[in-house]
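Asks: Pasting a structure here, questions to come.
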Amino acid sequence: MLPRIHGFDSGLFNEFRRLEREMDQLFSAGFWPGTMRSAASDSYPPINLGVTPDQVDVYLFAAGLDPEKLDITIKENRLSIQGERRLERDEATSYFRKERYDGAFHRLVNLPEDVDADRVEARYDNGVLHLVVKRRESSKPRQITVQ
Amino acid sequence: MTDSKELSKHDLQTRQHRELPQRSIRPAVDIFEDESGITLKADLPGVTREGLDIQVDKETLSIDGKAEIEMPEAMQAVYADVRATRYQRSFSLSSELEGDKAEASLKDGVLSLRIPKREQYQPRKIEIRNS
């Protein structure tokens with residue numbers, strides 16, 4: 001095994017140093033906030049959640065899935081997404097890198113309380129699962145006219 | 001953003017320093033080798049063929065992908081594991097790989113890239129003739 005490890009370090013397929021870039025990633029914040037439940041960021045698949053007065057948008061970044069094998073449920077305001085990604089890996093082959101997620105996953109997301117579990121749409125495009133959950137009318141901000 | 005020409009030298013330096021590292025995601029990859037070449041698989045959820053740029057030259061392979069995420073206009077971000085829409089990662093290639101002959105495909109956000117070894121590094125079968 002030693003020659004293999006050595007060969008990998010000395011550059012058959014080496015990765016450039018990217019520390020600077022990664023440090024920046026850790027500390028900068030853009031459109032997406034990073035504070036809430038940030039401890040969960042290791043979980044697979046990564047999730048983004050956004051809201052508008054009309055709907056809640058949930059994004060799962062899960063490439064190479066079979067969407068028919070996903071189990072998506074909403075109970076009260078809790079969204080549960082269960083599935084698995086099985087990679088076809090030949091165990092006899094030697095891997096230089098083996099980083100991609102392989103196995104079952106289950107993620108739970110708390111949605112705003114006014115979501116309507118009967119009005120959900122799901123699409124899987126280019127490896128992103130996009131769920132749109134409509135919110136109930138009553139929760140929309142209402143214009144109040146002063147008499 | 002102010003045009004860089006208008007900035008003093010000092011400003012320019014700090015500006016460059018700030019902008020040098022670009023916000024991007026380092027995609028997870030699998031890389032394995034067999035007798036005839038090397039295969040790389042990368043997870044690039046949200047990236048379309050049009051948004052993917054792969055550069056291979058003699059020494060380097062770089063992957064640069066932009067994710068297209070459909071978002072309602074007035075959306076407010078509440079929670080995010082993913083905080084960039086660009087994937088970038090670079091590798092150096094050993095001289096035994098023939099970058100010119102690399103082939104790539106993209107399906108459901110998974111990039112598959114195959115780079116063959118140069119002919120002189122390919123295993124050769126030696127025929128044994130009957131005497």
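The values are calculated or read from the model by the stated rules, or taken from the named source; none is laboratory data. Treat the numbers as computed from the prediction; the structure is a model and nothing was measured. All Cβ positions, glycine included, derive from the backbone under ideal geometry; neighbour counts span all protein chains shown.
Asks: Where the second residue is crowded, with 19+ Cβ neighbours inside 10 Å and not in a strand (DSSP E or B) and the first is at the interface with chain A (Cβ under 7 Å from one of its Cβ atoms) and lies in segment B:72-83, which pairs have Cβ atoms under 6 Å and are six or more apart or on separate chains?
Replies: Between residues of segment B:72-83 that are at the interface with chain A (Cβ under 7 Å from one of its Cβ atoms) and residues that are crowded, with 19+ Cβ neighbours inside 10 Å and not in a strand (DSSP E or B), the close pairs are B:81/A:46; B:82/A:46.
Asks: Condition check: in contact (Cβ under 8 Å) with a residue 60 or more places away in the chain, within 12 Å of chain B (Cβ to nearest Cβ) and under 23 Å from the mean Cα position of the chain (by Cα). Does residue A:107 satisfy that?
Replies: yes
Asks: Conditions: (1) within 12 Å of chain B (Cβ to nearest Cβ); (2) over 21 Å from residue B:80 (Cα atoms); (3) among the charged types (D, E, K, R). Residue A:123 meets all but one. Number of the miss?
Replies: (2)
Asks: Residues in segment A:115-128: is at least one polar (S, T, N, Q) and at pLDDT 95 or above?
Replies: yes
Asks: Could you check, for segment A:75-83, whether at least one of its residues is within 21 Å of residue B:71 (Cβ to Cβ), more than 8 Å from chain B (Cβ to nearest Cβ) and crowded, with 19+ Cβ neighbours inside 10 Å?
Replies: yes
Asks: Something else now. Part of a strand (DSSP E or B) and at pLDDT 90 or above - does that describe any residue in segment B:78-85?
Replies: no
Asks: Right, next: Return the residues of segment A:83-99 that are in a strand (DSSP E or B) and either touching a helix residue (DSSP H, G or I) at 6+ places or on another chain (Cβ under 6 Å) or closer than 30 Å to residue A:73 by Cβ (or both); say none if nothing qualifies.
Replies: Listed by number, the residues that qualify are A:83, A:84, A:85, A:96.
Asks: Now for a separate question. Within segment B:92-131, track down each residue that is exposed (fewer than 15 other Cβ atoms within 10 Å of the Cβ), over 25 Å from residue B:59 (Cα atoms) and at pLDDT 90 or above.
Replies: Passing the criteria: only B:107.
Asks: Could I ask something else about it? Can you find even one residue in segment B:18-37 that is among the charged types (D, E, K, R), surrounded by fewer than 18 Cβ atoms within 10 Å (Cβ to Cβ), modelled with pLDDT under 85 and outside any loop (DSSP other than H, G, I, E, B)?
Replies: yes
Quick grid of which residues meet (1) more than 21 Å from the chain's Cα centre (by Cα); (2) within 21 Å of residue A:65 (Cα to Cα):
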position	(1), (2)
B:52	no, yes
B:57	no, no
B:60	no, no
B:65	no, yes
B:69	no, yes
B:73	yes, no
B:78	yes, no
B:85	no, yes
B:88	no, no
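Asks: Residue A:66 versus (1) surrounded by 13 or more Cβ atoms within 10 Å (Cβ to Cβ); (2) at pLDDT 50 or above: which is the lone unmet condition?
Replies: (1)
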